[in-house]
Amino acid sequence: MRATLLILMLALGGQAGAQPVAPLPFDRILRYDELSVLLRQWADQRPNLVTLESIGTTPEGRPIWFLTITNQATGPAQDKPALMVDGNMHATEWAGGVAALHFLHKLLASYGKDERVTRLLDTRTVYILPRMSPDGVDATLEQGRFIRSVDRPYPDAQPESGIIPRDVDGDGRTVFMRLRDPNGPWKSYAQDPRLLVARAPDEAGGDYWRVLPEGLIEGYDGVTIGDEPEHEALDFGANFPGDRGTTVSQTDGAYPTSEPEIAAYVSAIARRANIVAHVTCHTFGGLVLTPPVNLGEVLPEPDRLAYAALAGKAEALTGYTAISYLDLRSVDRERQIPSAFGWLYNRKGIFSFITEFWNPLTAAGISLENTTASAWLWGFHPVEDELKLLRWSDEKLAGQGFAKWQPFDHPQLGPVEIGGFDLIRYWYNVPFDRLEQEVAPHSEWLVYLGLTTPRLAVRTLMADSIGENLWRVRMVVENTGWLATHGSQQALDMQAVSGVLATLQITEGSRLVEGDAVQQLGQLAGRAGQRSIASWWGYTPGTPDRAVAEWIVAAPTGATVVGRVSHERAGSAHTELVLSAKSD
Ligand SMILES: [Zn+2]
């Protein structure tokens, strides 16, 4: 019995304390204060793996939490290649933040137990920003309404006219209002009167409705309702540095990084030169998105192939569909839109992905063949599909996916009915009872993605005695990762990355006779792009993953030299050698 316990303790060795990692709740979305407590708890429970810091403060005064996850005993975070994962760039997309937290929890709870997670944190670094918009998430949880990134007005303090979406009946959700109107464009659907369908083009004399978002009307003259652009439309994704189109939209912000959250995040990324890959977690659609975003953006061939392999693995694990952002854009393809890809991939050459978790349509049994979830964003779909959604809500969500139309006396409009699909809780987000199973396979993929990054190693460090107290020191270095040391071809093309450096350190009393102490070795390939061995057309693989540095050192027998190899994205490694006649 005691022996078993001892073996168990040894198996957990290297882990400071075997205390369990506090669980992540899946039955609710954590308010900011509760999230802060949980993150501190995790940091306290795994101090050898976690560094928790704030990278900035939001305008409402909330620190923006940023976590660095790596086994600190195997080297500092900056000396290892890194995967960056973020969540809640968009306030209403709660499941994205949960996915980032699920991954974080998995890393901490599985380290020392799961070989792949252990290898990942021993050899790589993971950065996690679980909630990019803490103000926005708390606002959506409080107000139950759609907010893109934050409820800060931009560009105007308040629109002069139009609907301000608000939970006017106080039931905790902001849905729709319908009003009887002989000139309304909607009518009840015969098969299920809860649904509204378009009145036929030639139809008159029936019972018609007008539909508005639930809310209050600014500048109401008793008759007309203005259609001003949204005043809380700021989209953090469009606020990254990168190419802005000639027409800047009200989602983009005053200038790149004008928003404090993005300024903090961009600066945190810029200060971490080791980031090779990045995933931002969003909802919805059941998609994994890759560059390009805009017409005219073309990926270099090696990156196209690497993206296909990496996103293909995501498809296999999650069942989601991998597609380029550009191919997803069913409308408005001509307009140049800014996105985080524009900076992370186009400028810095970081392999960046957007995961859009959850697809309520497929959950409800709706076929998306020959269409995409994005077509739904624009409201073009048959009513039969809405019936399926309604049935799904009735049968699987206890009716919660559709708020029953309830009479309400609106302070401005008089008698209305409030109800309709609860877009925020069941479209943008996964029902709580299936949230964990929805995000778990993605965390598997993130482990995989982290393990595909480059990783420098010293293969051998040897010395030949070539004279009295004279040595030829030879260091063979290699990239043991799948991706090349530079990560993407784009990083090379944009000159966003420098090369592999080999350094020889000698002790006092030794002297370098030949060879610079620091030598440039260029880039080392990874195993990516390997072809089938049956391809014999112009295929002459050599050892592009390997390089050699040489020095001639004058030193007494018994002196120590240290060979070091480093690269900002591929990590660093070093080996010591005691010079002796036997050392070759
Ligand atoms: Zn989003």
Fill in: Given (1) touching a residue at least 60 places away in the same chain (Cβ under 8 Å); (2) within 26 Å of residue 439 (Cα to Cα); (3) out of contact with any Phe, Trp or Tyr (no Cβ under 8 Å at 6 or more places or on another chain); (4) away from the ligand (no atom under 16 Å from the Cβ), index of the condition residue 312 fails
(1)
Practice prompt. Take region 79-97 and flag every residue that is in contact with a strand residue (DSSP E or B) (Cβ under 7 Å, 6 or more places away or on another chain) and within 14 Å of the ligand (Cβ to nearest atom).
Written response: 86, 87, 89, 90, 93, 95, 96, 97
Discussion item. Against the condition away from the ligand (no atom under 15 Å from the Cβ), out of contact with any Phe, Trp or Tyr (no Cβ under 8 Å at 6 or more places or on another chain), acidic (Asp, Glu) and modelled with pLDDT under 90, how does residue 384 come out, does it pass?
Written reply: yes
Discussion item. So, residue 103, is that one in a strand (DSSP E or B) and either touching a helix residue (DSSP H, G or I) at 6+ places or on another chain (Cβ under 9 Å) or within 16 Å of the ligand (Cβ to nearest atom) (or both) or not?
Written reply: no
Practice prompt. Quick one: in region 317-358, of everything that is more than 19 Å from residue 93 (Cα to Cα) and among the β-branched types (Val, Ile, Thr), which residue is surrounded by the most Cβ atoms within 10 Å (Cβ to Cβ)?
Written response: 350
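Each row is one residue, and each column tells you yes or no for (1) more than 16 Å from the ligand (Cβ to nearest atom); (2) open to solvent by 10 Å² or more (accessible area, probe 1.4 Å).
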position	(1), (2)
99	no, no
111	yes, yes
117	yes, no
126	yes, no
133	no, no
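Condition check ((1) of a type in the set (S, T, N, Q); (2) in a loop (DSSP other than H, G, I, E, B); (3) touching a Gly at 6+ places or on another chain (Cβ under 8 Å); (4) under 30 Å from residue 512 (Cα atoms)) across all residues:
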| position | (1), (2), (3), (4) |
| --- | --- |
| 399 | no, yes, no, no |
| 409 | no, no, no, no |
| 415 | no, no, no, no |
| 430 | no, yes, no, no |
| 434 | no, no, no, no |
| 454 | no, yes, yes, no |
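Whether any residue in region 521-544 is of a type in the set (Val, Ile, Thr) and closer than 18 Å to residue 458 by Cβ is what I want to check.
Yes, because at least one residue in region 521-544 is of a type in the set (Val, Ile, Thr) and closer than 18 Å to residue 458 by Cβ.
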Fill in: Verdict on residue 235 being within 16 Å of the ligand (Cβ to nearest atom), modelled with pLDDT of 90 or more and among the acidic types (Asp, Glu)
yes
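Scanning region 539-557 for residues that are closer than 18 Å to residue 513 by Cα and assigned to a loop (DSSP other than H, G, I, E, B), which turns out least open to solvent (accessible area, probe 1.4 Å)?
555
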Response to the item:
In region 317-356, residues that are under 21 Å from residue 249 (Cα atoms), assigned to a loop (DSSP other than H, G, I, E, B) and at pLDDT 95 or above total 1
Worksheet item: Can you name the condition, by its number, that residue 413 falls short on among (1) modelled with pLDDT under 95; (2) within 24 Å of residue 184 (Cβ to Cβ)?
Response: (1)
Response to the item:
Over region 32-78, the set of residues open to solvent by less than 60 Å² (accessible area, probe 1.4 Å), in a helix (DSSP H, G or I) and in contact with a strand residue (DSSP E or B) (Cβ under 9 Å, 6 or more places away or on another chain) is 35, 36, 39, 42, 43, 77
Discussion item. Just the residues that are touching an Asp or Glu at 6+ places or on another chain (Cβ under 8 Å), in contact (Cβ under 8 Å) with a residue 60 or more places away in the chain and part of a strand (DSSP E or B), please, taken from region 190-236.
Written reply: 195, 218, 232
Worksheet item: Among the residues of region 241-282, which ones are at pLDDT 95 or above and within 16 Å of the ligand (Cβ to nearest atom)?
Response: 259, 261, 262, 265, 278, 279, 280, 281, 282
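State all residues of region 42-62 that are of a type in the set (S, T, N, Q) and either farther than 24 Å from residue 261 by Cβ or in contact (Cβ under 8 Å) with a residue 60 or more places away in the chain (or both); if no residue qualifies, say none.
Just the residues of region 42-62 that are of a type in the set (S, T, N, Q), to begin with: 45, 48, 51, 54, 57-58.
Matches in region 42-62: 45, 48, 57, 58.
The values are calculated or read from the model by the stated rules, or taken from the named source; none is laboratory data. Bear in mind the structure is a predicted one, so any value in this text is a computation, not a measurement. Backbone-built Cβ (ideal geometry, glycine too); neighbour counts: all protein chains shown. Quick note on the areas: whole protein, heavy atoms, side chains included, nothing else; ligands and nucleic acids left out. Shrake-Rupley method; radii C 1.70, N 1.55, O 1.52, S 1.80 Å.
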